[in-house]
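**Student:** This structure is in structure tokens; I'll ask about it shortly.
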Amino acid sequence: MMIIHQGGFEPSQAELYKHILMSNIIVGMKQLIEICQDNIAMENRKKARYIISTEELTTIDQEMAERIKTVWEDPAVQIAWKNRKESILIQLEYLLSHIDRLLAPDFIPNNDDILRARHRTTGELVSRFEDKKNCWSIVDVGGQFSERPKWESVFETSHINAVLYFIALDEYDIANVESNPEHDTKFQLALSVFEEIMNGEHVRDHKSCRIVFLNKLDLFTLKLQQEDRFTDFQNRFGYMGENNVDDCLDFINKTIEDKITDNLPVHIHAICGLDTSLIKKLAQDIKVSIIASSLIDMGIL
């Protein structure tokens, strides 16, 4: 929203993301190496062990950068990256392709860099912006298990006009790492939480506008192009249709809509969160949906 409504970040704000990006690189490389370390070439194993043993860094010197680049190019690491099903930082390839720029002394993250920075949300982050005659407030809450109990206080202390819920499309085959054996994948878990929240009394009684973003459409599309990944999708969803992105999305949309227990609509948008032009267009449609929902709540529509 900062990029869409305010044109981006001030240099002092962007500067704060440098440390997040450095940490993302280290965490992502450690996750990747742990998957394939037994298959890494002998000449690269010492460098790989050094990266794994490194504490989470917010700065990377040139020596560490060379180790990272060498290990990243190792054939076993590249195969592990291509075939990954674990919850590995998906922006790692972008970050490593720009690592020399990121390490420059005068580096200040641009909008593309910031969009790819991954930082865990804790508590409530409130953003406010004006659009014509309307003033909007967005409350961002963390989605992790430890953060979800805090959502209740947001519903109790605020009048929620709309709930924006994000589900990552590409996580249909990513293992659920929470201690919840009922759900094998992160997508299944996200769908279960969606059902609980959207049918809960706070959303239902206030007739809050329900909006779902099916994010990472680009990665989902790439996965479906691989025959084994598409077969996995069929097996997990019971999908019997063609290997066509639009048909698969229609099936997922129907699955989501079937989770709603009342007659109020749910607005579903498949997106790539990195495509700010698409998000900007969708933002206008979403505002109309929220305003219409509020008028229904007041009995005007």
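The values are calculated or read from the model by the stated rules, or taken from the named source; none is laboratory data. Predicted model only: the values in this text are computed from it and were never measured. Every residue, glycine among them, receives a Cβ derived from its backbone with ideal geometry; neighbour counts consider all protein chains shown.
**Student:** Which of the residues belonging to segment 84-137 are in contact with a Ser or Thr (Cβ under 9 Å, 6 or more places away or on another chain), at pLDDT below 75 and of a type in the set (A, V, I, L, M)?
**Tutor:** Hit for segment 84-137 is Val126, nothing else.
**Student:** Let me spell it out: the conditions are (1) surrounded by fewer than 20 Cβ atoms within 10 Å (Cβ to Cβ); (2) more than 20 Å from the chain's Cα centre (by Cα); (3) within 18 Å of Ile268 (Cβ to Cβ), and Ser153 meets all of them except one. Which number is the exception?
**Tutor:** (3)
**Student:** Could you grab me the full set of residues in segment 154-203 that are of a type in the set (S, T, N, Q) and touching a strand residue (DSSP E or B) at 6+ places or on another chain (Cβ under 6 Å)?
**Tutor:** Within segment 154-203, just Asn176 meets the criteria.
**Student:** Now, a different point. Of a type in the set (Asp, Glu), part of a helix (DSSP H, G or I) and within 25 Å of Leu164 (Cβ to Cβ): which single residue out of Asp246, Asp232 fits that description?
**Tutor:** When all the criteria are applied, what remains is Asp246.
**Student:** Step by step: first the residues of segment 215-267, then only those that are in contact with a Phe, Trp or Tyr (Cβ under 8 Å, 6 or more places away or on another chain) and of a type in the set (A, V, I, L, M), then the one that is nearest to Ile197 (Cα to Cα). Which residue is that?
**Tutor:** Within segment 215-267, the match that is nearest to Ile197 (Cα to Cα) is Ile256.
**Student:** Taking the options Glu171, Glu196, name whichever one is under 14 Å from Ile260 (Cβ atoms), under 21 Å from the mean Cα position of the chain (by Cα) and at pLDDT 75 or above.
**Tutor:** Working: Glu171 fails: under 14 Å from Ile260 (Cβ atoms).
Exactly one of Glu171, Glu196 is under 14 Å from Ile260 (Cβ atoms), under 21 Å from the mean Cα position of the chain (by Cα) and at pLDDT 75 or above, namely Glu196.
**Student:** Has segment 60-79 got at least one residue that is under 26 Å from Pro109 (Cβ atoms), at pLDDT below 90 and touching a helix residue (DSSP H, G or I) at 6+ places or on another chain (Cβ under 8 Å)?
**Tutor:** yes
**Student:** I'd like the residue in segment 18-57 that is over 26 Å from the mean Cα position of the chain (by Cα) and small (Gly, Ala, Ser) and, out of all such residues, is farthest from Ile99 (Cα to Cα).
**Tutor:** The residue in question is Ala41.
**Student:** Which numbered condition trips up Ser53, out of (1) modelled with pLDDT of 90 or more; (2) exposed (fewer than 13 other Cβ atoms within 10 Å of the Cβ)?
**Tutor:** (1)
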